[in-house]
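Working notes for the structure below.
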Amino acid sequence: MTSPTLTRPELTAVDRCDRCGAAAQVRAVLSSGGELLFCGHHAREYEAKLKELAAEIQK
């Protein structure tokens, strides 16, 4: 028997950037298990900090 793997759903038009409310294009999964959604602009703006936090970036 295999154990189930949790996956996060694909981003859709309903998903919005947590910073500005624009359409989300990137999901940042934090090591704590939380997630942040960003538009392309804010994903680029916060990319260095997210990498510093060892966040998994999903496009």
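Taking the inverse of the mean reciprocal distance over all distinct Cα pairs, the Kirkwood hydrodynamic radius of the range 16-59 comes to 10.0 Å.
As a rough guide to protection, the peptides 21-28, 47-54 ranked by mean Cβ packing within 10 Å, highest first, stand as 21-28, 47-54.
Distant-in-sequence amide contacts of A23, defined by a placed amide H-H separation under 5 Å and a gap of 5 or more residues or a different chain, comprise C17. Average accessible surface for the chain: 77 Å² per residue, computed with a 1.4 Å probe over protein heavy atoms with every protein chain in place.
Once all protein chains are placed together, T12 keeps about 80 Å² accessible to a 1.4 angstrom probe. Each Lys or Arg adds one and each Asp or Glu subtracts one; over the other residues with Cβ under 14 Å from the Cβ of R19, this totals -1. Counting helices only, and only those DSSP H runs with n ≥ 4, report the 222 nm mean residue ellipticity of the chain as the sum of -39,500 (n - 2.57) divided by its residues, in deg cm²/dmol to the nearest 500. Helix-only estimate at 222 nm: -7000 deg cm²/dmol. A Förster distance of 22 Å, applied to the separation of the beta-carbon atoms of D15 and R44, puts the FRET efficiency at 0.80.
With a 1.4 Å probe and all protein chains left in place, how much of the accessible area of the chain comes from carbon and sulfur atoms, in whole percent? Its accessible area is 54 percent carbon and sulfur atoms. The phi torsions of the range 23-30, fed into the Karplus equation with coefficients 6.51, -1.76 and 1.60 and a -60° offset, translate into couplings of 4, 6, 10, 9, 10, 10, 9, 7 Hz, rounded to whole numbers, with Gly and Pro shown as x. Between 0 and 90 degrees, the angle of helix 40-52 with respect to the longest Cα principal axis of the chain falls at about 60 degrees. A Cβ-based charge dipole, computed about the Cα centre of the chain with Lys and Arg at +1 and Asp and Glu at -1, lands at about 60 debye.
The values are calculated or read from the model by the stated rules, or taken from the named source; none is laboratory data. The structure presented is a predicted model; accordingly, all values stated were derived computationally and were not measured. Glycine also receives a Cβ, built like all others from the backbone with ideal geometry; neighbour counts cover every protein chain displayed. Side chains are part of the model used for accessible areas, which takes the heavy atoms of the whole protein and leaves out ligands, DNA and RNA. Shrake-Rupley method; radii C 1.70, N 1.55, O 1.52, S 1.80 Å.
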